[in-house]
Every structure is written in structure tokens, then in C-alpha cells.
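Peer 1: Pasting a structure below so you can have a look.
The values are calculated or read from the model by the stated rules, or taken from the named source; none is laboratory data. Keep in mind that what you see is a predicted model, and the values were worked out from it rather than measured. Every residue, glycine as well, gets a Cβ built from its backbone with ideal geometry; the counts of neighbours run over all protein chains shown. Please note that ligands, DNA and RNA were not included when accessible areas were found on the heavy atoms of the full protein model with its side chains. Shrake-Rupley method; radii C 1.70, N 1.55, O 1.52, S 1.80 Å.
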Amino acid sequence: MNSFDNLNDNNNNNGEYTQKWNLDPDMIDVMVEVPIINDKKGSFKTRDEQQRHGASRPAGMRLGRRQSKAERGFKSLRFLDHSVTGREVDAWRAIEHRFHQHAIDHRLPRDKFGLCIGMGGDSKDFAGELFDTLMRRRRLCLGGGITLEELHGFWEDITNQDMDFRLQIFFEMCDKNGDGKLSESEVKEVIILSASANKLGNLKSQAGYYASMIMEELDPDHLGYIELSQLEALLREVMVFDQDNSKVMGKRTCTLTRAMIPKRYRTPVSRVISRTVELVHDNWKRIWVIVVWLAINVLLFLWKFNEYKKHKGFKIMGYCLCAAKGGAETTKFNMALVLLPVCRSTLTSLRSTFLSKIIPFDDNINFHKVIAVGIVIGTCIHVFMHISCDFPRIIGCPREKFMLLLGPNFNYHQPSYQDLAKSIPGVSGVFMLIIMGISYVLASHQFRRNVIQLPSPLHHLAGFNAFWYSHHLLIVVYVLFIIHGYYLFLITQWYVKSTWMYLAIPMSLYASERLLASVAELKHSVDIIKAVIYTGNVLALYMTRPQVFRYRSGMYLFIKCPDISSFEWHPFTITSAPGDDYLSCHIRTLGDWTAELYYRFAKVCEMEKNVQARRGSLVKMETKAYAADSYSQLRYPRIVIKGPYGAPAQDYKKYDILLLIGLGIGATPMISIIKDVLNSIKPIDNHSDSVHKRHSLKTNRCGPERTYFYWITREQGSFEWFKGVMNDISEYDHDHVIEMHNYLTSVYEEGDVRSALITMVQKLQHARNGVDVLSESRIRTHFARPNWRKVFTELANNHMASRVGVFYCGSATLTQTLRKLCQEFSLSSTTRFHFHKENF
């Protein structure tokens, strides 16, 4: 009976479908070629190489079944990344090309071996040890390096598919003296090499302890050494453990219905229609706002265009005048509208109203940029038509005709080009163009993010400071804009001059917000409770919380340090929870202002460290935290805050399930949410019955049923930032409401030989005392990067018919991937994913 017969048998008597069948790969006996005989040089010939020489299957090559799950799991042990190996022929061509680049007298030196095979960077020392091991295996002399033929033999060894062969190389790499036994010092040396290759400074410093732990596990008789079979047994267990975890989700998703292409994607026309419908469904809020904005601009342009066709100046300047005035009308509208998306207090209030269901408040900064583009287009039309067409026609118009039609507007004096340029509209227009041009350029991504590296005298023109100050020059532009719109040549009645009418309400709203923010500075005075200096150039500030400062998780505030600058405000996410009696934020040095703030606090903390050292107290060097007494409070830089302001993450409670994703310091808005969820989990009365507490928490807790937090970082020291939160999750989250996944991208993924011992140490340490060796918390750390498709698949299968809020904060590289996955799984499953990206 085939799979389709199984599907037919799954119907009950009522004709209802009762069960979905999975295509389980384990149900199929996979036949594989197992090479068991090597050539005389001790290396296995590849299948491609055998075909090139016309060789048939050797006697030692047989078809057989995979013998055990352990062997299948151990297949993942490899010396190089999948991206480096790839197809065998193509990979070798790349290596051969690099050989000719780095070879000296047709021989590759030892220090270039890692670069040649794709194991460069921090793996240089590890590659050197691998080089020495392969030299010993083939009994070659180091001399001046290796030839291309010898390199090819090395490549065949490290890419060999036989697990015993790869394990033997790894064992010999650890066993430097070749006695067939691993001593504690040899294990320690390999751990140090692995830690260096994976940028794990903390683990490197504790290599001796972890080496003794491995010896204690594998050498219970205290013989002082371990053998290959013992190391193999532990490695197999670790590899199978990780392989099983990664395959659980894959088995769930390998269904027959998922393997088929949906009907709406089978033809080009239906594919385009379906994707258009998906695009509209996911972006309908943005679409209708943009459509309305474009419609208003077009209508204003056409209205003013037709108005000036009736003007007497039309007989001299023609349609150029109509186009110039149409562009001016759209510029007035957009100059007024561009202020509304940056009225943060107003938008924060509107987020809590019904308008949030139809207006995408999360895209306020993007809409601000779109309006700015509209201003540029309207200004270009207005200026180009005046300079290239209107002015020449006025100057070249016959005097009698000019005096008859426009004489009263120009005091019966036909102007020259110089007269028009010197007029109030001309001078104000020129200054506006200069200031707006500077502000527009310095606000671009390349300048604001320091992508463009300017020479030394001009390097201050790029960066956040240049953007901040140039944008404040736009206050002058608005003043000039009102003057420019009032002193017009063709209109004399004041009530017809509409520039001030457009700007009155938006400018008043924006000015009132700035005024109220200045007044709030007096109410939001804060003292520093504690300053923490973390590795990775991160400063954590713990401040007193003003009584009038009320916020929700995910919101952000602005911080000003008057000791650095009296005018600069910078946004930072609040990392404390609303239930905490303090405010906290974590600041990473990414520019001049944050670097100066970090330096000033680090200087005070260093002074406090010296004082504590003289008193005989111990201080951990990686993390220096000091409570602020009255004496140190005077030394700390003065901090002023304003806010709070709304952000996408503040509405997390309206979702059934949460998926929080943070890259590096982008974890800060997610930490506030995690703390808020933890506060609802933590017991209030320590003396009450634990079962009763847990039951009451289940019934009283509101918000998401489950929270998944994925934190991806490049540095091991980053885990120090929120170690306390991770420990609280393990201690208080008995019902597993929060599921946290830490990913360290500097470590090679599970199965890579460079991380094999680290994986072993991690499992032993976690089994022994429940502490992860990388994060030094109770949350286990994964290597490399998450498989996002597997993550979304598991959520869709485990939480059917649920609304999942996906909140992401980090670089733009992952934004598009997550957004597409949310669209795809919302349309292909009963789970609805709603994507939100943090913007400041």
C-alpha cells in the first residue's frame, strides 16, 4: 500500500479527514557507499576521481545500511564549513587558485595553509596544528612547505567521508607525541586552540579547568590519559544529541501537502497575482496612507496649476508659471506634514487609540523620509521652472505688455535677472536651498552612519552629530519659508497667501512638544544609582525613576549629558520593566557622543575601583559595577532624560505568542519585555504555598501565553549584559512561559572540528552544575546562527490558529528575511505572524 493509500485510509465514516501523515526519512532504508579500503598513501579516492580514471567499484566498496543513529549523527564532524567544501571539484579549483597565490617556489608554507584551504582568520593556529598532524600522517618533512600534489592529499584527508578516518585525524591532532594516548596537558592545548579559533577569551582562560573535567569524565581510573575509543564515545554522544535536537523540527514539517506546489503558484500569471495579493494584505496600512498622500499632492498640484491659467501672468510666462506654482503648493503641504511624524509625544498617545488599527505608527520615520523626498521633488519643479523659464520670459517681455499685465506687481519697474535674485523671495529662496541641501545630504544613510570616510579636516561632517545640528538648522528654513511665501510678486492680498496657513497647526504642535519636553527636564531629573562597564564597550546606567515617568515595556527615552553637549539628545531603549522602581538602559559606543559618555563613566568607575582595591574588596575586571554614594554622585556626569516614547514592542500584550529577536545590543527592547513577563511570574509572597502561587499566577497573568527570545551576538562578553535576567528565567519560569535561545556567531556551528571540544565541554559542564560555559548562566548557548525557517515552522506547528507577534531589533540585513517568512507562514498555515521592526 503506497502513501496515497494511507491518505485514503485516514478518512473516517463521515468522510472527515482525521490525521495528517508525515514522510519520515527514518522509514526509508538508505543505501550508501561505505569506503573501507584506502590507497597506499593512506587517503581515500573520491568518487569523481575514480570515474575520471575509469575505475569500477573496488572490492572493498560495498552497499550497506547505515549501522546506527550514532554513526549517522557523527557524520557531522568535519574540518571545514559547508560553504568552503561545497562541490568537490569546484572547491578544489578554488584551493588550487589560492595555492598559486600564496606558494613560494611552488611550495605552500605552513603559515599559509589555513588561508589556502579556507580556514583563515582566527583559525590560523588551529590550521597550523592540523597541518602538522597531516604532515606526520604522511611522514613528510616540513622543509619549505608542501607541493600542490601533497596539498591535494591533505584536502582528500580532511574532506574524507569516513567517520573513523576523520576521528583518527582529530585524535592525532590532539596526540602530539604520537603515543596513542591523550594527556591532560594535550587536551588543554587543544581547548586553547579551539577557544582562540572561536574568539572565546573567557573559555581560553579556564582551559585548564575544563581539561581536568574532561579527564575526570573519561579517565575514572585516574590513569592520567584517555584513549581514542573513550574520546570517540563522548564525541558520538554529543553529536547525536545535537543532531537529534536539530532533526525534531524537520520531521514535523516533511508532510506530503507541504511537498506539493500550491495551485496559485503554478503559472506565471497566477504567481504574480498571488504575490500581489500577499503584498497588499501585508502592507495595506502603508499602501492606503501613501495613496492618500500621493492623491493630495496630485490634487493640490492640479488645483494650483488650473488657478494660475486664469492669472494675468499666464499671458507672459505660460505653463511654466502654472507648473512652478503647482510645485510650490505641494511643497507647502509637505513642509507642514513632515513635522507630524516626528511629534513623538503625540504619536505615543495615538498608539493607544483605535487609529493604531489603520495607521502604521511604527513607520513614522520612514514616512518622514518619504515626505522629505516629496519636498525635494516639489522644490526642484518650482526652482527649475522659475529660473529656466519664468525669469527669462519676464525679462524678455516687451515693456508695454509687461507694464499692462504685471506693472503694478513690480512697482512699474521691469526687473532684470539680478533684480529678481536680490529680491526678498530670491534671497530667502537661495538660503533655503543651501540649508535644505546640506540637511538632506547629512541625513542620508551614508553620512549619518559614517559609511563615507571623509578626510581628516572634514571627518566631522559625517556622523550623528552632523545630522543632529544640520536638522536643527531647518528652524531657520521654516522662518525663511514663511517670509518667502509672504513677499510674493504676483499676489498682494495677505489672506490669499497660504504658506502660513499650512504651517500654523503643525508648527504649533511641534513647538509645544519641544516646549513641554524642556519643562519636563525639570521633572525628570535623575540620579545615577549604579554604573556598569561591560566588555564590548557597553555602558549600563541604572537611574532613579521620577514619579511622573510612566512607561510600558519596549518604549525608549532620550538621554542628554550636559557635560558633553547641552543640545544633543540620543534615543535609547529602556531595559528595565514598568514594575521596577528604577530606570535602566544599556548603551553601546557607536559614535563620538556615546564613546565620550562611556569614557567619562569608565573614568569614574576606574577611580572607584582603586578606592575599593585599597579597602581590600575584590573587583571582577570584566564587569565593574559601582553603587553611587553621595561622594561618587558628584563625580558622575550629569544625566537628563525625556520621554517615554512609543515603539512597536510596547503592544506585545495583544498577541497570543511572542517571538523576540535581538542582534547584539538590539536585545535591549526585548529584555524589558522579558523582565515584564518575569515580574508577572515571580512569586509575591515567599511564605505561601508554591502550588497555590503557581495556580494564581496562571489565572491572573495576562498577555502572551508563550514567549520565545532569540539573542544573536558575536562576542562572548555580551552575555554579561543580561546574565541576571537569564538566571531569573531559569529560577522562576517553572511553567516554561519564556523560552530563551542564545546564539554565539563567533563559534563554528555544531559538528565543526574547531568547536567539537567546546561542544563536549559545554555538555559536561551543563550536566554537572547546570551552567553554560559560554554565557556562564543556566541558558544553553547555541553556535553559529539560527535556522529561521525551522524556527517559524515549529511555531506554526505548535501554535496553530494563534497570533504571533514577531519583534525584531538589529541590523537591516535580517529584516527582509524575517518579513518574508512572516508573510509566507501566515498564508500557508493557520498561524498569523505580525512583523515589527524597531526604528528610532
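Peer 1: Checking P571 against (1) open to solvent by 70 Å² or more (accessible area, probe 1.4 Å); (2) assigned to a strand (DSSP E or B), which single condition isn't satisfied?
Peer 2: (1)
Peer 1: Could you say whether any residue in segment 433-445 is within 25 Å of Y319 (Cβ to Cβ), surrounded by fewer than 17 Cβ atoms within 10 Å (Cβ to Cβ) and not charged (D, E, K, R)?
Peer 2: Checked against the condition, which is being within 25 Å of Y319 (Cβ to Cβ), surrounded by fewer than 17 Cβ atoms within 10 Å (Cβ to Cβ) and not charged (D, E, K, R), segment 433-445 yields at least one hit.
Peer 1: I would also like to ask the following. How many residues, within segment 300-358, are farther than 29 Å from A511 by Cα and not in a helix (DSSP H, G or I)?
Peer 2: Summing the residues that are farther than 29 Å from A511 by Cα and not in a helix (DSSP H, G or I) in segment 300-358 gives 5.
Peer 1: Show the residue pairs that are 6+ apart or on different chains and have beta-carbon atoms under 6 Å apart, the first residue being within segment 456-485 and of a type in the set (S, T, Y), the second being in a helix (DSSP H, G or I) and open to solvent by 40 Å² or more (accessible area, probe 1.4 Å).
Peer 2: Sorted first by the residue in segment 456-485, then by its partner, the pairs are S470/I438.
Peer 1: Mind counting the residues in segment 526-567 that are in contact with a strand residue (DSSP E or B) (Cβ under 7 Å, 6 or more places away or on another chain), closer than 18 Å to G643 by Cβ and of a type in the set (S, T, N, Q)?
Peer 2: The total comes to 1.
Peer 1: Also, quick follow-up: Quick check on segment 630-648: of everything there that is in contact with a Leu (Cβ under 8 Å, 6 or more places away or on another chain) and not hydroxyl-bearing (S, T, Y), which residue is farthest from C343 (Cα to Cα)?
Peer 2: Of everything passing the filter in segment 630-648, P637 is farthest from C343 (Cα to Cα).
Peer 1: If G724 passes every condition in (1) open to solvent by 50 Å² or more (accessible area, probe 1.4 Å); (2) free of Cβ contacts under 8 Å to residues at least 12 places away in the same chain but one, which one does it miss?
Peer 2: With (1) open to solvent by 50 Å² or more (accessible area, probe 1.4 Å); (2) free of Cβ contacts under 8 Å to residues at least 12 places away in the same chain applied to G724, the lone miss is (1).
Peer 1: For segment 721-744, which positions are in a loop (DSSP other than H, G, I, E, B) and more than 26 Å from T535 (Cα to Cα)?
Peer 2: D733, H734, D735, H736, V737
Peer 1: Residues of segment 780-794 being within 20 Å of the chain's Cα centre (by Cα) and open to solvent by less than 30 Å² (accessible area, probe 1.4 Å), which ones?
Peer 2: Matches in segment 780-794: T781, F783, A784, P786, W788, V791, F792.
Peer 1: May I pose another question? Sort out which residues of segment 383-419 are β-branched (V, I, T) and under 16 Å from V430 (Cβ atoms), and write them in order of number.
Peer 2: V383, I387, listed by residue number.
Peer 1: Does segment 771-789 include one or more residues that are farther than 30 Å from I192 by Cβ and among the aliphatic types (A, V, I, L, M)?
Peer 2: no
Table: residues versus (1) modelled with pLDDT of 75 or more; (2) in a loop (DSSP other than H, G, I, E, B); (3) open to solvent by 10 Å² or more (accessible area, probe 1.4 Å).
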position: V747; (1), (2), (3): yes, yes, no
position: Q765; (1), (2), (3): yes, no, yes
position: D772; (1), (2), (3): yes, yes, no
position: R778; (1), (2), (3): yes, yes, yes
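Peer 1: Right, another one. Out of all the residues in segment 308-321, is one or more out of contact with any strand residue (DSSP E or B) (no Cβ under 6 Å at 6 or more places or on another chain), of a type outside the set (V, I, T) and over 30 Å from C397 (Cα atoms)?
Peer 2: No; the residues of segment 308-321 include none that is out of contact with any strand residue (DSSP E or B) (no Cβ under 6 Å at 6 or more places or on another chain), of a type outside the set (V, I, T) and over 30 Å from C397 (Cα atoms).
Peer 1: It is to be established whether one or more residues within segment 789-799 are of a type outside the set (A, V, I, L, M), within 11 Å of L659 (Cβ to Cβ) and in a helix (DSSP H, G or I).
Peer 2: Yes, there is a match, as at least one residue in segment 789-799 is of a type outside the set (A, V, I, L, M), within 11 Å of L659 (Cβ to Cβ) and in a helix (DSSP H, G or I).
Peer 1: Determine whether V451 is aliphatic (A, V, I, L, M) and not in a helix (DSSP H, G or I).
Peer 2: For V451, the condition - aliphatic (A, V, I, L, M) and not in a helix (DSSP H, G or I) - is met.
Peer 1: Moving on. With respect to W288, is the statement that it is open to solvent by 80 Å² or more (accessible area, probe 1.4 Å), within 30 Å of K325 (Cα to Cα) and within 29 Å of the chain's Cα centre (by Cα) true?
Peer 2: yes
Peer 1: Then there's this: May I ask you to verify whether I758 is in contact (Cβ under 8 Å) with a residue 12 or more places away in the chain and outside any helix (DSSP H, G or I)?
Peer 2: No: the conditions fail for I758.
Peer 1: Restricting to segment 660-712, name every residue that is within 21 Å of P786 (Cα to Cα) and either in a strand (DSSP E or B) or modelled with pLDDT under 70 (or both).
Peer 2: L660, I661, G662, L663, R706, T707, Y708, F709, Y710, W711, I712
Peer 1: A further question follows. Do you know which residues across segment 497-525 are of a type in the set (V, I, T), modelled with pLDDT of 85 or more and either open to solvent by 20 Å² or more (accessible area, probe 1.4 Å) or closer than 30 Å to F722 by Cβ (or both)?
Peer 2: Once the filter is applied, which keeps residues that are of a type in the set (V, I, T), modelled with pLDDT of 85 or more and either open to solvent by 20 Å² or more (accessible area, probe 1.4 Å) or closer than 30 Å to F722 by Cβ (or both), segment 497-525 yields only I505.
Peer 1: Being within 26 Å of L223 (Cβ to Cβ), in contact with a strand residue (DSSP E or B) (Cβ under 8 Å, 6 or more places away or on another chain) and not β-branched (V, I, T) is the requirement here; does D179 meet it?
Peer 2: In short, no.
Peer 1: Where the second residue is assigned to a helix (DSSP H, G or I) and basic (K, R) and the first is touching a residue at least 24 places away in the same chain (Cβ under 8 Å) and open to solvent by 50 Å² or more (accessible area, probe 1.4 Å) and lies in segment 390-414, which pairs have Cβ atoms under 9 Å and are six or more apart or on separate chains?
Peer 2: Sorted first by the residue in segment 390-414, then by its partner, the pairs are K401/K315.
Peer 1: When segment 521-566 is examined, which residues are found to be at negative phi, in contact with a Gly (Cβ under 7 Å, 6 or more places away or on another chain) and part of a loop (DSSP other than H, G, I, E, B)?
Peer 2: Hits for segment 521-566 are T535, M555.
Peer 1: Suppose we filter segment 288-335 for residues that are under 19 Å from I482 (Cα atoms) and small (G, A, S); how many remain?
Peer 2: 4
Peer 1: What helices (runs of 4 or more DSSP H) completely inside segment 95-178 contain at least 2 residues that are open to solvent by 10 Å² or more (accessible area, probe 1.4 Å) and modelled with pLDDT of 80 or more?
Peer 2: Answer list for segment 95-178: 124-137, 148-158.
Peer 1: When you go through (1) touching a Phe, Trp or Tyr at 6+ places or on another chain (Cβ under 9 Å); (2) not in a helix (DSSP H, G or I) one by one for M432, which number turns out not to apply?
Peer 2: All conditions pass for M432, except number (2).
Peer 1: Evaluate segment 644-658: report whether one residue or more is surrounded by fewer than 18 Cβ atoms within 10 Å (Cβ to Cβ), polar (S, T, N, Q) and not in a strand (DSSP E or B).
Peer 2: no
Peer 1: Being touching a residue at least 40 places away in the same chain (Cβ under 8 Å) and loosely packed, with under 14 Cβ neighbours inside 10 Å is the filter here; which residues of segment 350-365 pass it?
Peer 2: Selection gives I358, I365.
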